[in-house]
Every structure is written in C-alpha cells, then in structure tokens.
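In what follows, a single structure is set out as structure tokens and then discussed.
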Amino acid sequence: LNAAPGRAPRQRVRFLPAPAPGGGGAVELVAARVPVLADHPLVRGPRFRKLKIGAGHRLDVKASGVFVLGIGHGNKLLTHLHNCHLTKVYTVGGLFGKATDDFSDTGNLVEKTTFDHITREKLERILAVIQGTNQKALLMYSNIDMKTQEAYELAVKGLIRPMGKSPPIITAVRCLQFALPEFQLEIHCLHETQQYLRKMVHEIGLELKSSAVCTQVRRIRDGVFTLDDALPRTQWNLQSIQEAIRNCQLKVETELEKTL
Amino acid sequence: RGLGVAAGPPSIRQLREAEEAAPVFQYAGKAARRKDRVFVWGFSYSGALGVPSFVRPDAGWKKPRRIQPTPYRLETEEKISSAACGYGFTLLASNTRDITKVWGMGLNKDSQLGFQRSRRDQTKGYEYVLEPSPIPLPLEKPQQTRVLQVSCGRAHSLVLTDSEGVFTMGNNSYGQCGRKVVEDEIYSGSHLIHQLKEFDSRVVQVVCGQDHSLFRTKKGTVYACGWGADGQTGLGHYNITSVPTKLHGDIAGVNIIQVSSYGDCCLAVSDEGDVFGWGNSEYLQLASVTETTQVNVPRHLPFKIGKIKEAACGGSGNVVLTEEGNVFVWGYGILGKGPNLIETAVPEMIPPSLFGWSDFSPDIRVAHVRCGLSQFAALTNRGELFVWGKNLRGCLGTGRMEDQYFPWRVTVPGEVVDVACGVDHMVSMVRSF
C-alpha cells in the first residue's frame, strides 16, 4: 500500500527572489508555484503505518469458512451489520457411534454405541422437532407483543427475528448427505457459537438413542457474504482484497438500508 | 510387567488402541418400536386430565395443580386409539379385544361416564372421577367386539362399536341419548346405558354436539336426535327428537363422508368435496346462504375454495381443510388471522407459512383440523400440532395463559397422531420418536 503512488504534494505560490533582467545586484520577486516542503515524502514518512482491521462474527480454531473483516471505515459497517442480526449458514458434518467430551472427533472418548438402527427418516424427524422448538424460541425472543396485528403480519412473512441479545436460535436445518455412519447437515442460525453446533450434533445422537460427534463445521454464509465472495489463502494480496471490497460494497449498502 | 512402562501423556497409537478396545453399548436395536403415548393439558380440577395428584396431592410436597399449561404424559394400560373431550370430562377408547375397552375421567354428575361404583358407599356412584376408570359396556360378545370411536357432548357420551351398534350414556333430558325422555329422571348414579342398533346400514361415525347427537352411516346418510331449538338436528323442526331420525334437505341422496359438531352448529362433508351446514347461525356460520340465525334443514354452503376434505365445528367458529392442504376459517371469535379478524361470513385462508411452510420445507401440509368450543387445532403431515383461539384455563397447551391470535406450535415430545379438543382441556395421541 505504501509503495503505491501517493497524493501529489500541495502547491503553494511563493514570491522567490530572482536576478532582475536589468543589471547585476538588483533582486526582483517573481511568483512561482513550488511544492510545500512539509508534504515531501521524506518529511511525511510512509502513508500507512497502521491499519485498523476489525473482525466480524467469531470463528473457532477447529472450524473453517467465511470470516468477515473490516478495514478502516468498514469497522463501522461491521457494527451496523451485527445489529442487523442476519442468519449464518453452516455445513456441519457428523459421525455416529462415538461420544467424546468436547463433542468433536479429536476429544477424549466417552462412549461407543451402535448406530445401525438409524435411518434418514428418523434423523429428519428429529430435525423437524429441532426446527419447531427453535421457531417458538424465535417468536418468543423477538420481544414483539403477540396480540398485535403487526406481529401476525410479520409472522406470516417470516420476518420475526430477535433484534437484540438472545440465546442461540436455529432457523432452519436440512440433511444434505446421509451415509451411515457419516451425515452432513446444513444449519441456518442466529447468535450461535461453533461449540453450540457441535453440542447440537451430540444431542441429535442422543435423541436417536445412539451417540454422535461433529467432524466438520464450515461457515458457508455470514449475512450477505457467501463462499463466492470469500478470498482463499492464495488470494490474500492487495489487489484481490481491494476488488473484493469493491464488489461487496453495493450488497452491504442495500442490506443495511433494508434492515435499518 | 506394568512397572517397566514409561509414564507420560498417552501417544496417538495408545489412544487409538484404547478407543478400539472400548466396549460398544446398544441402546436401541433394529427392532425398536415407537411407543404410543397420551398427553393431556388444560384445566384439571374437574378430573378431566386423569391425574389424581393434580386435584388431591398424594405427597406432602406436591401442591394441587389447577391448570396444566403444557402437555403432560398420561400413563395408560393399553394403546389408546380414540379419545374425545366433553365439557369437563374425557373418554379414552382402545381397539382391543379385552373386556375393558373404554376408560373415562372427569365430571360424572349425569353418569356420562357410566356408573362408577364408589368404594365408600357401594350403592352410590362417584360424581368426579379423577383417574381413567373402566366403563362397563353391556356387550353381547365382549371378547370379540371392538370399539371404533368415542364422542362426548356437554353431559352425554356415545361409544361406537364395530358390530353391536352405538352405546349412549349420560343426560337424556333432550333425548340426546336416543331413548324416550323420562320426566324427572335422575341421571346421577344411573346404571342405564342405551344401545342403538336400527339404522339403514352400519354406523361409521358418531358426533356429539352440545345437547344433540349425530350418526353417520356407511351408506352416507346422517341421523340425528336430541335438542333442536337451534335447528341443530336438521330435521325441519325446532323440537326435541328422542329417536335417531334420518336427515334430508340438501344432503338427501348425497354420500356424506364426514360430520362434525361441538356446539349448536353442524357441518357435513360429501365425497365430492362439498360442505353442508345446519343449526345455529348466530355467529355468521351459515350467513353465506341465509340471513336467519337458525337453520333447521341441511343447506349446501357454496364456497369456492376448492375440494374440501375435512371440516370441524366449534362453538362460534368453523374451520375446513381443502385437498391442497389449505385451512379456511369463518365465524366469530379468534379465528387465527390476527386480532383484527373477529368475524367473517366467508371463509378466509390462513397462510401456510404460519404452519411451518417455507422455501426451505415446501412439502409441509396440514393433514387434520379439529375444533374445541373456542379453540382450533391443526395437525401437519410432519406430526406437529398448531393451536390457536381463546386460551380458556390453559387449554391451548402453549405454556402461556394469553389468547393466541395466530397458529402457534405446541411442543410435544413425539409425533402427534390425533388430538381431541374440549372446552377447557385437550388430549392428544402421540407416537414417540
């Protein structure tokens, strides 16, 4: 960033002495535009010494996926986006048959169980119940009076969301793949932590009268930012970052206007 | 030998070997069956919930529970296949061939639960039954007949069997039990259970209104008896009928596949998807065809909402379910479309997004609709129960005491198979996961 050509130095009109065109010795003041010395790069120093970078929603050490960062003015936009309370989407991979103490496959083993009685239908039934109870929590924590016509209209459109602090709420779950003992779920959630998702996988295992551990948590969407907008490790350079910021500006503006 | 092993954190290989050597537990095998359970909620002091410790606590630390606001599991001896809620009492029936097929609990002041012999005084009967108690039916072949369905009204109940007709018990001051009205009859502690056999074909559905009874036969005809001052017997007059008589009017010759009633209005659905109504219309239930407030002959209701699959009648509001799975409500009261819709004569659809339908799960449909006196219940094909309406003494089961103006999920630990709605309590039959 510092190597890029900076601003041109300011110009100032100074009256400099110059030898008069007449005879020797007489000095005339001639107006000339000269660059201000205070703007010289050696005086000013490098343009950027520190960059203010802020992080969006947290991501675990064991999880992967979209991680939103803000630079400079973007930090303010990050705060606004946080107040929008948009849903995040994760792909969670699980494995039946084991239970560990930290609910992931790298923890200490607690118990091993059989799992051949589990079918996709049973799993989908449990997911439907999870969605149902979380739907109720969604309506309850949104702090809207249920007796108003406004609450009814928002509920019909599905726009009721908690706009303040709330415990983790799951708005939608879907089973993407099911091949015993592995399975993969797509979870849409609000105000969650990755450990909560791992605990949910463990609880799904318990409900199905077996046990499960979480093998993978990957965030594929954070509010308006999807996997397509995210930069992989090979593209962590200035040009890609600048291009990515430019591409997302419009999306972020529309979303903020819509919600706030 | 173990003394020579080095101490320290276990290596990866040791961990893996320990994991493979760990025992495997089995909690459910391949032949694990889903269990059938009964959940109850609502007002408990009448005994209608069947949990005696709510009314008379049996341990010092327990307090009497007037209202059970969330579903509570009721232990039953047999699998319950049919349940019905009356005005302060409940009947549970099982499809078994054992001698005890029907259990009742709640109010018994008019012997609507049969004669329950009191243990303190062998000649008198209980007026309040706090626990599901067997009802002795006078069957000819008790080990072969099966009970198909039960239904309860304000102070009478009907039991439908597969080969021995219909048994009626309870209050008969308006002839709703299908037998001649006896003046000054004392119904409390009565042993009398009447049997009705003469219909044109086998009875396949029995429905109790507040003080009248409806019978639907296999041929698609409807019979009625009981109080008729609002025209709810549909027989063309406003008098009492004490013998089940066939209905005519717009349903003559039509094959009716379902009848419903709970208050003083009745609805019938034909096999072609048309709906017919008669009875009380003070709350605009039949205002689409007539201005009068009582209709005593079945009239066809010309609604253009699609082919109707199921209908349910409440005290002041009605609900129908169409073939596409849409729910339509009309009448008066809390209809389920927010606090602004209080009354309508024309059916209004409840948006399917309120029942869990969304782009994410587009195959959710409402499978059944049921009505209590001022509440509605809907069951989806995923086994979820939605309720809305007036929350009288906690009967909605949402855990809150406020009225519910749009469909709200009831959290039940299992897949809800059927639900019966009463005045201030509800009973549901649930299959565990």
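For the protein assembly as shown, what does the accessible surface come to per residue with a 1.4 Å probe? Please give it in Å². Walk me through the numbers on the way to the answer.
Working: 34640 Å² over 693 residues.
Counting only protein heavy atoms, the per-residue value for the protein assembly as shown is 50 Å².
Cα axis of helix A:194-207 to longest principal axis of chain A: angle in degrees, 0 to 90, nearest 10?
For helix A:194-207, the angle is close to 10 degrees.
Step through the residues of region B:232-238 one at a time and calculate ³J(HN,Hα) from phi using the Karplus curve (6.51 cos²θ - 1.76 cosθ + 1.60, θ = phi - 60°), rounding each to whole Hz and writing x for Gly and Pro.
Taking θ as phi minus 60°, the curve returns 6, 7, x, 9, x, 9, 10 Hz for region B:232-238.
Just how far, in whole angstrom, is region B:37-116 from region A:46-107 if you go by their alpha carbon centroids?
Result: 52 Å between the Cα centres.
Starting from the amide H of B:G125, placed 1.01 Å from N in the peptide plane, find each other amide H under 5 Å away whose residue is 5 or more places distant or on another chain.
HN-HN under 5 Å from B:G125: B:S118.
List the accessible area buried at the contact between B and A, summed over both sides and calculated with a 1.4 Å probe, in Å² to the nearest 100.
3300
Taking every eigenvalue of the Cα gyration tensor of region A:53-259, multiplying by 5 and rooting it, what semi-axes result, largest first, whole Å?
Each semi-axis is √(5λ); the values are 32, 25, 13 Å.
Rounded to the nearest Å, what's the spacing between the alpha carbon centres of region B:325-376 and region B:238-291? Just the number, please.
For region B:325-376 versus region B:238-291, the Cα centre distance is 22 Å.
Calculate what fraction, in whole %, of the accessible area of region A:1-50 sits on carbon and sulfur atoms when a 1.4 Å probe is rolled over the protein chains.
About 60 percent, which is the carbon plus sulfur part of the accessible surface.
Under a straight-distance cross-link criterion of Cα-Cα below 18 Å, which aspartates and glutamates are reachable from A:K147, leaving out those fewer than 8 residues away in the same chain?
Once the sequence-local aspartates and glutamates are set aside, what remains near A:K147 is B:E343, B:E402, B:D403.
On a 1.4 Å probe surface of the protein chains, which of A:T106, A:T119, A:T114 comes out largest in accessible area, and what is the full order?
Result of the area sort, largest leading: A:T106, A:T119, A:T114.
Under the Karplus relation 6.51 cos²θ - 1.76 cosθ + 1.60, θ = phi - 60°, what is the ordered set of whole-Hz ³J(HN,Hα) values for region A:100-107, x standing for Gly and Pro?
Calculated HN-Hα couplings, in order: 10, 6, 10, 6, 10, 7, 9, x Hz.
How high is the relative contact order of chain B, given as a whole-number percent (alpha carbon pairs under 8 Å, six or more residues apart)?
13
Would you mind checking A:K76/A:K136; B:K35/B:K307; A:K76/A:K251; A:K209/B:K35; A:K112/B:K35; A:K122/B:K309 for any pair whose Cα atoms are more than 23 angstrom apart?
A:K76/A:K136; B:K35/B:K307; A:K112/B:K35; A:K122/B:K309
With all protein chains present, calculate the accessible area of A:K52 using a 1.4 Å probe and round the result to the nearest 10 Å².
Estimated to the nearest 10 Å², A:K52 gives 150 Å².
Rounded to the nearest 500 deg cm²/dmol, what is the calculated helix-only ellipticity per residue at 222 nm for the protein assembly as shown, with -39500 (n - 2.57) per DSSP H run of length n ≥ 4? Before the final figure, lay out each step's value.
Details: 8 runs with 96 residues, N = 693.
One gets -4500 deg cm²/dmol as the mean residue ellipticity at 222 nm.
Which of the lysines could a cross-linker span from B:K246 if the Cα-Cα distance has to be under 18 Å and same-chain partners fewer than 8 positions apart are dropped?
B:K180, B:K197, B:K218, B:K219
For the Cα atoms of chain A, what angle does the longest principal axis make with the long axis of helix A:74-84, in degrees from 0 to 90, nearest 10?
On a 0 to 90 degree scale, this one is about 30.
From the phi of every residue in region A:11-22, what ³J(HN,Hα) in whole Hz does the Karplus formula 6.51 cos²θ - 1.76 cosθ + 1.60 yield, where θ is phi - 60° and glycine or proline is x?
In residue order, the calculated couplings are 10, 9, 8, 10, 9, 9, x, 9, x, 5, x, x Hz.
Keeping the other protein chains in place, figure out the carbon and sulfur percent of the accessible area of chain B, with a 1.4 Å probe. List each step's numbers first, then the result.
Details: 9510 of 19080 Å².
Within chain B, the accessible surface is 50 percent carbon and sulfur.
How much length is gained on full extension from B:T293 to B:Q144, taking 0.36 nm per residue of separation minus their Cα-Cα distance?
Extra length from B:T293 to B:Q144 when fully extended: 49.0 nm.
Let me know the shape class of the protein assembly as shown, please: from the alpha-carbon gyration tensor, a ≥ b ≥ c as square roots of the eigenvalues, rounded when a/c is under 1.5, otherwise prolate if a/b is greater than b/c, or oblate.
prolate
Between B:A229 and A:H73, how many nm apart are label points set 7 Å from Cα along the C-beta direction?
A separation of 7.7 nm, rounded to one decimal place.
Enumerate the aspartates and glutamates that A:K98 could reach by cross-link, defined here as Cα to Cα under 16 Å, with residues fewer than 8 away along the same chain left out.
A:E111, A:D116, A:E182, A:E203, A:E207, B:E17, B:E19, B:E20
Give me P(r) over region B:146-222, computed from all C-alpha to C-alpha distances, binned every 10 Å, as integer percentages.
20, 53, 24, 3
Please give the net charge around A:R246, taking every other residue with its beta carbon less than 13 angstrom from that of A:R246, where Lys and Arg add +1 and Asp and Glu add -1.
Numbers: positive: A:K251; negative: A:D229, A:E243, A:E253.
Net of charged neighbours comes to -2.
What FRET efficiency comes out for the pair B:E343/A:L250, r = Cβ-Cβ distance, R0 = 30 Å, nearest 0.05? Before the final figure, lay out the partial values.
Numbers: r = 48 Å, r/R0 = 1.60.
My answer for the efficiency is 0.05.
In degrees, nearest 10, range 0 to 90: what is the angle between the Cα axis of helix B:12-21 and the longest Cα principal axis of chain B?
Here the helix axis deviates by roughly 50 degrees.
Build a GNM of chain B with springs between Cα atoms under 10 Å: which of B:S288, B:S81, B:S157 gets the top mean-square fluctuation?
Top of the fluctuation ranking is B:S288.
The values are calculated or read from the model by the stated rules, or taken from the named source; none is laboratory data. Computed from a prediction, not measured in an experiment: that's the story for all the values here. Every residue, glycine as well, gets a Cβ built from its backbone with ideal geometry; the counts of neighbours run over all protein chains shown. Surface areas here come from the heavy atoms of the whole protein model, side chains and all, with no ligands, DNA or RNA. Shrake-Rupley method; radii C 1.70, N 1.55, O 1.52, S 1.80 Å.
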